[in-house]
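Just below is one structure, and these are the notes that go with it.
Quick note: the coordinates plus some simple rules give every number you see, no bench work behind them. Just so it is clear, the structure is predicted and the values come from calculations on it, not from any experiment. As a convention, Cβ positions derive from the backbone with ideal geometry for all residues, glycine included, and neighbour counts pool all protein chains shown.
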Amino acid sequence: MNRRSEITAVVLAGGMGRRMGGQDKGLVEFEGRPLVAHVSDAIAPQAGRLLINANRNPEVYRRFGHPVIADDIEGYQGPLAGVLTAMKRADSPFLLVVPCDAPRLPDNLAEKLLAGLEQQAAEIAVAHDGKRLQPVHALLSTTLADDLETFLAAGERKIDRWYGRHAMAVVDFSGQPETFINVNTFDERNELQAGRRTG
């Protein structure tokens, strides 16, 4: 997209992978490559710069060719901790947030989210797959960093509660629901690889 220089993207790979026995989910193989490789390859062309938010194995994540950032807040505080860390490192008006476990991301994610954000005069744009909101597939104004820092400092962690404090655009991706399928367990990974998961 011709406005990619206005967007910094972050792949959230900082979780504990509880449902995968504590494995570093971004490094779990899918179709012969780590999940994070699929996601970063899909998102890098949509942004001026891409960051990988990882709290473990930074040396492995660096092999994918993008800066690796760990949460500024210690103790695996959830996706918003990674979002805040990326906002502070971004040198652009917008931050595109995606999870490391959605290997089929659409190539028009940033473009559609940015259009939705501007059309609805919002500060946050979130993808909707036709059935549910996808809160970690979002475009955020980086001017929200101070507010997010205050929110987290107050002990809050829930992403929907923070979004609810701001003007939020819901962007319709109901024509591409399969692109938001995520991999939480090895069984889900195996089913998606075998073509048995469609939603």
Legend entry - Dipole magnitude of the stretch 1-95 about its Cα centre (Cβ charges: Lys, Arg +1; Asp, Glu -1), debye to nearest 20: 100 debye
Legend entry - Per-residue HN-Hα couplings for the stretch 170-179 [Karplus 6.51, -1.76, 1.60; θ = phi - 60°; Hz; x = Gly/Pro]: 9, 10, 7, 10, 5, x, 9, x, 5, 6
Inset, instruction - Compute the whole-percent fraction of alpha carbon pairs in the stretch 41-199 spaced more than 26 Å apart. - result: 27 percent
Inset, instruction - Evaluate the charge dipole of the chain about its Cα centre and quote only its size in Debye, nearest 20, assuming +1 on the Cβ of each Lys and Arg and -1 on the Cβ of each Asp and Glu. - result: 300 debye
Inset, instruction - Return the long-range amide H neighbours of residue 51 (sequence gap of 5 or more, or a different chain), with a cut-off of under 5 Å between placed amide H atoms. - result: 9, 10, 11
Legend entry - Gain on full stretching of the segment that runs from residue 120 to residue 33 - 0.36 nm per residue minus C-alpha separation: 27.6 nm
Legend entry - Residue among 173, 36, 159 farthest towards the positive dipole end of the stretch 4-193, charges placed on Cβ: 36
Legend entry - Over the stretch 111-158: Rg over Rh, Cα atoms, Kirkwood Rh: 1.03
Inset, instruction - Describe numerically, in nm with one decimal, the distance between label points set 7 Å from Cα along Cα→Cβ at residue 194 and at residue 41. - result: 2.3 nm
Legend entry - Extension gain (nm, one decimal) between residue 186 and residue 132, 0.36 nm per residue minus Cα-Cα: 17.2 nm
Legend entry - Kirkwood-based shape ratio for the stretch 75-119, expressed as Rg/Rh from alpha carbons: 1.01
Legend entry - Size of the stretch 85-177 as Cα extents on the principal axes (Å, biggest first): 38, 24, 24
